[in-house]
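Peer 1: This is the structure, below, for whatever I ask next.
Where a number appears in this text, it was derived from the coordinates with a stated rule and is not lab data. Remember, predicted model here, so these are calculated numbers, not experimental data. Every residue, glycine as well, gets a Cβ built from its backbone with ideal geometry; the counts of neighbours run over all protein chains shown.
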Amino acid sequence: MCVTCGCSDGAEPTLTNLATGETTSLADPTAEHTHTLPNGQTLTHRHGPPDNASHAHNHDHGHDHGHDHDHNHPHSPNDPPHSHPDSQLPTPDSRLPHSLHTLELNVLAKNDLIAAQNRGWFEGRDVLALNLVSSPGAGKTTLLTQTLNDLKDRLSFAVIEGDQATLHDAERIRATGCGVVQVNTGTGCHLEAEMVRRGVQTLQPPAHSVLMIENVGNLVCPALFDLGERAKVAILSVTEGDDKPLKYPHMFRASQIMLLNKIDLLPYVSFDVDRCIAYARQVNPDIQVFPLSATSGEGLDHWYAWLLDQVNTLK
Amino acid sequence: MHELSITQTIIDTVIEAAQGASVRRITLEIGELSAILPDSIQFCFDACIPNTPLAGAELDIKTIPGRGRCRTCGHEMPLDMPYGICDQCDSLAIDIVAGQGLVILSMETVPCA
Ligand SMILES: [Zn+2]
């Protein structure tokens, strides 16, 4: 991800509008774009293969180097312990004109800024945005399509589907009649705020609607990237380990609710619901838990009540 | 693996900030509760910098230990996981006050002119 513009390098993410079938790249590697640096200077750069020539180089390279600019030496595990001199120490290197620049830049700040802008957009329109996170196979898409079908007469929904490669899940969502765009993250393992921003531009969710953002199936990376959502909803199925909240504490700590899915399978699997909930509360004492089954319908009413209550608090 | 996209962000940020100067060292601060692995960042960094303006640069990673503050009694304590139990009042309501960050602290450059 380019910290200045938020687009992802290498991962080649795309956005597909299921209404038109149109796919656009979210990171055109040849597109030049301009940034304004904190010091006011503007720079133009592009992504893609590393290329020194694409970076502004305003000084004259014709000067004569009386020294070698390469101060590095290879490291190997067999090297004896040694230290690298600080710039203040009198070393041969320190005779060269070099300097220490304090940056103190938060690496995720650009994502967080776009997330804050998304959040403002949602709040201004009373849109309830939820970030659905889970492992692969937890039943997220089935639960989502069931929710859309059961509540579509009472709530207006729009969906941003995140997936590494296919359109399968988005097609299942479209079959419910709900507006949906698919973000394919390529090699990326999570959605970033910029992808949601672009998805929202395409979808244009109406005021007072619910925007479901189905994240890539992965319990680690999506925990780090704020998308501007009101809440993260973690979906855990009883076919997984009941200690998952302890194994992936960042995600369960970041989530406001946990949907414990596939409880119709409890007679056939070894999964201790009470122990799982206790682990989840150890990581996040405030987490709300709704045991349910998207296929049998058991427990869905509690999740729907929570959803309707969240929508009502917006108005 | 989020470390690759994060490392690419670090590299892009430093290249922008260096404005054409050659960079020989970058100092990074990674919180121990950040879910970002210093070894993975180092691995990705070494793999990504050849043929960029940062080729040959060294990466110094400083790790910041986790700290929590009890929401119930205000006690502060070290944390080695992003959750914990207050050792004064047994509360589970612990706010993380340090160790979640990922910051590019500084870079050392050698100007070409
Ligand atoms: Zn306490």
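Peer 1: What per residue convex hull volume, in Å³, comes out for segment A:108-314 when only alpha-carbon positions are used?
Peer 2: For segment A:108-314, the hull spanned by Cα atoms encloses 113 Å³ per residue.
Peer 1: Restricting things to Cα coordinates, could you compute the convex hull volume per residue of segment A:186-272 in Å³? Numbers along the way, then the final one.
Peer 2: On the way: hull volume 10.9 nm³, N = 87.
Dividing the Cα hull volume of segment A:186-272 by its residues yields 125 Å³.
Peer 1: In addition: Residue-wise, which Karplus ³J(HN,Hα) couplings in Hz belong to segment B:30-43, taking 6.51 cos²θ - 1.76 cosθ + 1.60, θ = phi - 60°, and x for glycine or proline?
Peer 2: Taking θ as phi minus 60°, the curve returns 10, x, 6, 9, 7, 6, 10, 8, x, 4, 5, 4, 4, 4 Hz for segment B:30-43.
Peer 1: What ranking of B:97, B:103, A:238 emerges when the number of other C-beta atoms within 10 Å of each C-beta is taken as an exposure proxy, fewest first?
Peer 2: Listing B:97, B:103, A:238 from fewest to most nearby Cβ atoms yields B:97, B:103, A:238.
Peer 1: Next up: For all pairs of alpha-carbon atoms in chain B, what percent lies in each bin of width 5 Å, listed from the first bin to the last filled one?
Peer 2: 2, 12, 20, 17, 13, 10, 9, 7, 5, 3, 1, 0, 0
Peer 1: Once label points are set 7 Å from the Cα along Cα→Cβ at both residue A:314 and residue A:268, what is their separation, rounded to one decimal in nm?
Peer 2: Distance between label points: 3.7 nm.
Peer 1: Sticking with this one: Among B:36, B:26, B:61, what is the fewest-to-most ranking by other Cβ atoms within 10 Å?
Peer 2: Ascending Cβ contact count within 10 Å gives the list B:61, B:36, B:26.
Peer 1: Quick check on segment A:114-197: what are the equivalent-ellipsoid semi-axes from the Cα gyration tensor, as sqrt(5λ), descending, whole Å?
Peer 2: That gives 20, 19, 11 Å for the three semi-axes.
Peer 1: Okay, moving on. When A:304, A:279 are ordered from fewest to most other Cβ atoms inside 10 Å of their Cβ, what list results?
Peer 2: A:304, A:279
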